[in-house]
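Student: Please read through the structure below; I'll follow up with questions.
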Amino acid sequence: MKPTPNLPSRKPDAWLKRSACQGAVATLLVATAWPALADTQHRVVAGDTLWSIAEQHTGEATQWRVLQNANRLANPHQLRIGQVLKVPAGAAALPVANASVVFVQGEVLATGPDGQQVGTLRTGTTVPEGTLIEVRDKAFVRLKLADGSAFGLSSGATARLERLRRDDGTQQSHTVIRMLSGRVESDVVPRQHPQTRFDVHTPMAVASVRGTRFGVSVSPNEATSEVASGKVAVRSLLNRRQTTTLAAGDGARVGTTGGLQRGALLPAADLSALPTAWDDGEFVSFALPTQPQARAYRARVLRSDTPGAVLREAWVTDPAVLWQALDDGQYTLTVQGLDTLGLLGQAAEHHFQVHATPAAPLFRQPAAGTTVSGSGLTLRCTELLDVAGYRIQVASDTSFKQPLVDVTRPDRCEHVAQLPPGSYHWRVASLAAGTPAGQGPFSLPSAFVVSADASTAGTDAETTFWSPRRGLSYRVQLAADAGFTRVLSDDWLSGSQVALPAGAQDVYLRWQSRDAQGRTSRLSAVHRVTPNNTGLRTEDNQPVRSGDNTIGTGNSPLQQPR
């Protein structure tokens with residue numbers, strides 16, 4: 001009896017092995033013309049399997065089903081010694097290609113194919129086949145492939161670029177991304193060759209696609225896939241009979257038992273009521289619309305000028321998100337609901353703009369809520385470095401539709417006003433230096449009262465303060481120099497002001513806010529304050545102490561925030 005080679009068997013890494021995409025998915029993908037190439041032949045010898053033959057001729061053992069189809073083998077277990085098999089030209093081994101990093105946010109580590117850690121990925125880095133990528137907390141990376149496809153790995157993801165192959169002559173590509181944890185979002189170009197493949201492998205399922213946008217998530221208990229456009233073939237690796245084809249708006253989940261569950265994705269939420277402009281230099285926050293069928297939400301902020309450039313991401317059960325402030329620019333907010341099956345819904349998009357610089361000065365006098373004389377009233381605020389000037393407004397209400405004072409000052413943030421008795425609000429903004437010139441956002445207004453019987457405020461104790469936002473506490477740093485190498489004080493305050501008695505040298509101030517959940521803003525711009533008297537005091541008139549609990553100025557150690 002002639003020996004009969006066996007069908008490829010399950011090896012320890014069998015969950016990585018998959019067949020080429022067939023059937024309905026293949027017929028719906030777009031194929032372009034490619035040069036005619038000659039097929040090759042293989043004569044079966046003892047010990048051959050379709051797996052070994054495919055690996056020998058194509059460099060990829062997973063191409064065994066291509067050989068089965070090309071040779072019309074009803075039973076791939078039964079190969080005869082001496083049998084001649086056709087190896088299609090399209091199944092030949094492809095040259096190794098690379099991926100390139102087009103965007104990175106935060107810390108993303110790479111380990112090379114040889115197991116040696118390459119280091120931190122940067123924009124423009126070339127990433128070879130076999131590289132292991134680890135995305136740290138609050139980080140994100142997006143890579144582009146040789147055929148123009150791209151994929152992004154979210155915070156906490158670990159993935160190996162298992163196969164990066166591309167033949168520029170035939171335009172055939174084969175990409176395999178092996179997801180070990182986390183989530184990948186893929187934008188795949190249409191097929192340029194009928195044997196082109198883009199596969200995402202997980203320990204429980206395989207997604208095979210061309211010409212579509214889709215996502216795949218991996219956790220210890222499940223793997224999920226959702227399709228935004230095009231079609232994706234999903235197959236359970238724990239139960240080979242569990243397969244399905246997903247169209248746009250569909251998703252599937254594969255659990256630890258291998259069962260495959262399909263589901264329609266939650267519709268995109270209506271974000272039209274969200275604000276379109278932000279001038280807050282501390283935080284960016286959105287109160288998201290609720291979806292009755294959503295058990296959680298994923299919200300992300302992307303740069304509008306760079307596709308797939310994720311800057312912020314949050315998973316929340318309460319439909320409200322808050323992030324540290326963004327640089328000035330145009331952004332896109334995307335929101336997806338997470339259903340009970342674990343599938344992310346269709347993405348809703350909302351475009352918004354941030355314009356928070358140059359930062360507004362802090363108030364100095366008159367102090368908030370005080371009663372002052374309107375005769376020769378000095379309005380004074382802190383001064384920022386590298387600004388062209390300041391704009392000061394006074395109005396009888398907080399709308400400022402008809403300001404009673406509206407002046408610009410090119411040098412100092414100061415203005416002497418003559419005001420009749422009454423209640424007033426004032427605010428101030430910085431004017432940008434350089435080109436193009438412009439104005440930053442106004443500060444939140446501060447109130448004061450003018451009385452004919454009051455004396456002019458600010459002669460004995462001058463206060464630097466700001467209008468606090470609800471629910472925030474503030475850290476204030478004071479230093480003797482603008483570089484903060486000689487820190488005088490660094491403390492979290494219960495209020496929103498620091499008294500600076502007159503007579504001291506120039507003092508430099510910057511601050512940071514913190515919400516009730518402990519999330520902190522970045523440090524503010526540096527403000528210069530010129531007190532009138534010696535010594536620095538807090539709002540309850542206590543001396544501002546240095547890090548070693550002394551009251552001296554200069555060269556004191558930094559006091560840690562409480």
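Student: Of all the residues that make up the range 200-216, how many are more than 17 Å from GLY148 (Cβ to Cβ) and either surrounded by fewer than 24 Cβ atoms within 10 Å (Cβ to Cβ) or at pLDDT below 90 (or both)?
Tutor: The total comes to 7.
Student: If the Cβ limit is 8 Å and pairs must be 6+ apart or interchain, which residue in the range 286-309 that is closer than 16 Å to THR276 by Cβ and small (Gly, Ala, Ser) pairs with which residue that is modelled with pLDDT under 95 and assigned to a loop (DSSP other than H, G, I, E, B)?
Tutor: ALA287/PRO319
Student: Go through THR534, THR485 for me and flag whichever is loosely packed, with under 14 Cβ neighbours inside 10 Å, at pLDDT 90 or above and not hydrophobic (A, V, I, L, M, F, W, C).
Tutor: Selected residue: THR485, the only one of THR534, THR485 that is loosely packed, with under 14 Cβ neighbours inside 10 Å, at pLDDT 90 or above and not hydrophobic (A, V, I, L, M, F, W, C).
Student: On to the next question. Exactly one condition in (1) among the hydrophobic types (A, V, I, L, M, F, W, C); (2) at pLDDT 90 or above; (3) more than 30 Å from PRO194 (Cβ to Cβ) is not met by VAL118; state its number.
Tutor: VAL118 satisfies all of (1) among the hydrophobic types (A, V, I, L, M, F, W, C); (2) at pLDDT 90 or above; (3) more than 30 Å from PRO194 (Cβ to Cβ) except (2).
Student: Look at the range 86-116 and say how many of its residues are in a loop (DSSP other than H, G, I, E, B) and surrounded by 17 or more Cβ atoms within 10 Å (Cβ to Cβ).
Tutor: 4
Student: Which of (1) surrounded by fewer than 17 Cβ atoms within 10 Å (Cβ to Cβ); (2) assigned to a strand (DSSP E or B); (3) over 40 Å from the mean Cα position of the chain (by Cα); (4) of a type outside the set (Ser, Thr, Tyr) is the odd one out, the single condition GLY119 does not satisfy?
Tutor: Condition (3) is where GLY119 drops out.
Student: Sort through LEU288, LEU311, LEU271 and tell me the only one that's open to solvent by 20 Å² or more (accessible area, probe 1.4 Å), modelled with pLDDT of 95 or more, over 28 Å from TRP466 (Cα atoms) and not charged (D, E, K, R).
Tutor: Of the residues listed, the single one that is open to solvent by 20 Å² or more (accessible area, probe 1.4 Å), modelled with pLDDT of 95 or more, over 28 Å from TRP466 (Cα atoms) and not charged (D, E, K, R) is LEU311.
Student: Given (1) in contact with a strand residue (DSSP E or B) (Cβ under 6 Å, 6 or more places away or on another chain); (2) assigned to a strand (DSSP E or B), identify the lone condition not met by ASP147.
Tutor: So ASP147 meets the others, but not (2).
Student: Select the strands (runs of 3 or more DSSP E) contained entirely in the range 202-248, then report the ones holding at least 3 residues which are more than 14 Å from GLN346 (Cβ to Cβ) and over 22 Å from the mean Cα position of the chain (by Cα).
Tutor: Correct list: 205-209, 231-236, 243-247.
Student: Would you check if VAL141 is assigned to a loop (DSSP other than H, G, I, E, B), open to solvent by less than 40 Å² (accessible area, probe 1.4 Å) and touching a residue at least 24 places away in the same chain (Cβ under 8 Å)?
Tutor: Against the criterion (assigned to a loop (DSSP other than H, G, I, E, B), open to solvent by less than 40 Å² (accessible area, probe 1.4 Å) and touching a residue at least 24 places away in the same chain (Cβ under 8 Å)), VAL141 does not qualify.
Student: Being within 22 Å of THR243 (Cα to Cα), open to solvent by less than 20 Å² (accessible area, probe 1.4 Å) and not hydrophobic (A, V, I, L, M, F, W, C): is that true of ARG197 here?
Tutor: It is true that ARG197 is within 22 Å of THR243 (Cα to Cα), open to solvent by less than 20 Å² (accessible area, probe 1.4 Å) and not hydrophobic (A, V, I, L, M, F, W, C).
Student: Given the options SER225, SER229, SER219, name the one that is surrounded by fewer than 23 Cβ atoms within 10 Å (Cβ to Cβ), of a type in the set (Gly, Ala, Ser) and in contact (Cβ under 8 Å) with a residue 24 or more places away in the chain.
Tutor: It is SER219.
Student: Grab the strands (runs of 3 or more DSSP E) fully contained in the range 318-411, keeping just those with 2 or more residues being under 30 Å from SER217 (Cα atoms) and open to solvent by 10 Å² or more (accessible area, probe 1.4 Å).
Tutor: Once the strands (runs of 3 or more DSSP E) in the range 318-411 are filtered for at least 2 residues that are under 30 Å from SER217 (Cα atoms) and open to solvent by 10 Å² or more (accessible area, probe 1.4 Å), what remains is 320-324, 329-338, 348-354.
Student: Collect the residues in the range 412-442 that are within 30 Å of GLY329 (Cβ to Cβ) and not in a strand (DSSP E or B), keeping them in residue-number order.
Tutor: Those that are within 30 Å of GLY329 (Cβ to Cβ) and not in a strand (DSSP E or B): CYS413, ALA433, GLY434, THR435, PRO436, ALA437, GLY438, GLY440, PRO441, PHE442.
The values are calculated or read from the model by the stated rules, or taken from the named source; none is laboratory data. Everything numeric here is computed off the predicted structure, so don't read it as measured data. Neighbour counts run over all protein chains shown; Cβ positions are idealised from the backbone, glycine included. Heavy atoms of the whole protein, side chains included, go into the accessibility calculation; ligands, DNA and RNA do not. Shrake-Rupley method; radii C 1.70, N 1.55, O 1.52, S 1.80 Å.
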